[in-house]
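Reading through the structure tokens given below for one structure.
The values are calculated or read from the model by the stated rules, or taken from the named source; none is laboratory data. Note that the structure is predicted; figures quoted are calculated from it, not measured. FYI the Cβ positions are ideal-geometry reconstructions off the backbone, even for glycines, and counts take in every protein chain you see. These area figures cover heavy atoms from the full protein model, side chains too; ligands, DNA and RNA do not enter into them. Shrake-Rupley method; radii C 1.70, N 1.55, O 1.52, S 1.80 Å.
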Amino acid sequence: MSIDEVVGSLESGMTIGIGGWGSRRKPMALVRAIHRSRLKDLTVVSYGGADVGLLCAAGKVRRVVAPFVTLDSIPLEPHFRAARQHGTIELTEYDEGMFMFGLLAAAHRLPFLPTRAGLGSDVMRVNPELRTVRSPYGGTGEDAEELVAVPALALDVALVHMDRADTRGNGRYLGPDPYLDDLFVKAAARAYVSCERLVDPGKLEGPPQTLLISRMHVTGVVETPGGGHFTECGPDGEPSRGRDEAFQRHYAASAADPEAWAAFADRFLSGDEAAYQEAVRRWHEEEAR
């Protein structure tokens, strides 16, 4: 598929899960296409980074479900912070482990999964809708262990970015961490994989344990070299690459001022993915002078 075909299949009001972690291996080419689209009123489920921030900046988001929204080396994503401070989005904030259990429950088509994570913490205070259950094992009544019942994070669509994928939709990661991308695609009714390089079936070379995404869970795949920029992602021919820290700082600094952000958006986000990557290349050339 193409980037536009993937985003053209989405609808306003959807619950969209976005893979990666913070500012690492995010499907940013797909996120930028959503930014350009007419989609709105989205619920975004993510170990959040610039994906969440960029969609908040564009007014696409109604609710964020996340354990954090960070740029890693920049602790708090600036557009997300502004959206929360101005009350323009709703937030469901879970502990990282609770969030994983929510994806796992959805992946297994269960209504919830029990966990100790969250007990005795403010997670329960800020999420008063959460319920607890008593274990049916090892005790009865008040003597039975109390556990948090984490509701399933069922997704209409999942978007993930892989280092490699084949034309059938199998996906491989080449960096140090799989994150939770496999759970995102399993938790979704539809899943789309963008990748740095697309290969023929049987050509996904590498250790078997890096074959993270199975074609049985994938609706479509699109080749997007550099599609993870500016987040950390493995480029063609290399096992991993750090995120573009200089450009990330430029992004965050621009977010702090409406005029600067308007200029940033006009230069980098007004065209298609090829235009974005060319604008980034030219920006780096200017910075190097």
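Remarks
- The stretch 173-202, subset of a type in the set (D, E, K, R) and closer than 15 Å to ILE16 by Cα, residue least open to solvent (accessible area, probe 1.4 Å): ASP181
- Qualifying positions in the stretch 263-272 - open to solvent by less than 20 Å² (accessible area, probe 1.4 Å) and either touching a residue at least 24 places away in the same chain (Cβ under 8 Å) or not in a helix (DSSP H, G or I) (or both): LEU269
- Filter result (assigned to a helix (DSSP H, G or I) and either small (Gly, Ala, Ser) or touching a Ser or Thr at 6+ places or on another chain (Cβ under 8 Å) (or both)) within the stretch 20-35: MET28, ALA29, LEU30, ALA33
- Any hit, the stretch 34-49, residues being aromatic (Phe, Trp, Tyr) and buried (at least 24 other Cβ atoms within 10 Å of the Cβ): yes
- Per-region count, the stretch 12-24, residues open to solvent by 10 Å² or more (accessible area, probe 1.4 Å) and over 11 Å from ALA50 (Cβ atoms): 5
- Considering (1) of a type in the set (D, E, K, R); (2) surrounded by 13 or more Cβ atoms within 10 Å (Cβ to Cβ); (3) at pLDDT below 95, the lone condition that ARG215 does not fulfil carries the number (3).
- The single residue among THR219, THR231 that is of a type in the set (Val, Ile, Thr) and within 19 Å of HIS79 (Cβ to Cβ) turns out to be THR231.
- Residue check, PRO225 surrounded by fewer than 13 Cβ atoms within 10 Å (Cβ to Cβ) and not charged (D, E, K, R): no
- The stretch 42-87, residues that are outside any loop (DSSP other than H, G, I, E, B) and of a type in the set (Asp, Glu): ASP51
- Filtered by the rule that a residue be closer than 18 Å to CYS233 by Cβ and more than 24 Å from the chain's Cα centre (by Cα), the stretch 245-289 gives ARG281, HIS284.
- Count of the stretch 116-146 residues which are modelled with pLDDT of 90 or more, assigned to a loop (DSSP other than H, G, I, E, B) and either under 20 Å from PHE99 (Cβ atoms) or open to solvent by 70 Å² or more (accessible area, probe 1.4 Å) (or both): 13
- Filtering the stretch 95-113 for residues that are open to solvent by 80 Å² or more (accessible area, probe 1.4 Å) and over 20 Å from GLY19 (Cα atoms) leaves a non-empty set.
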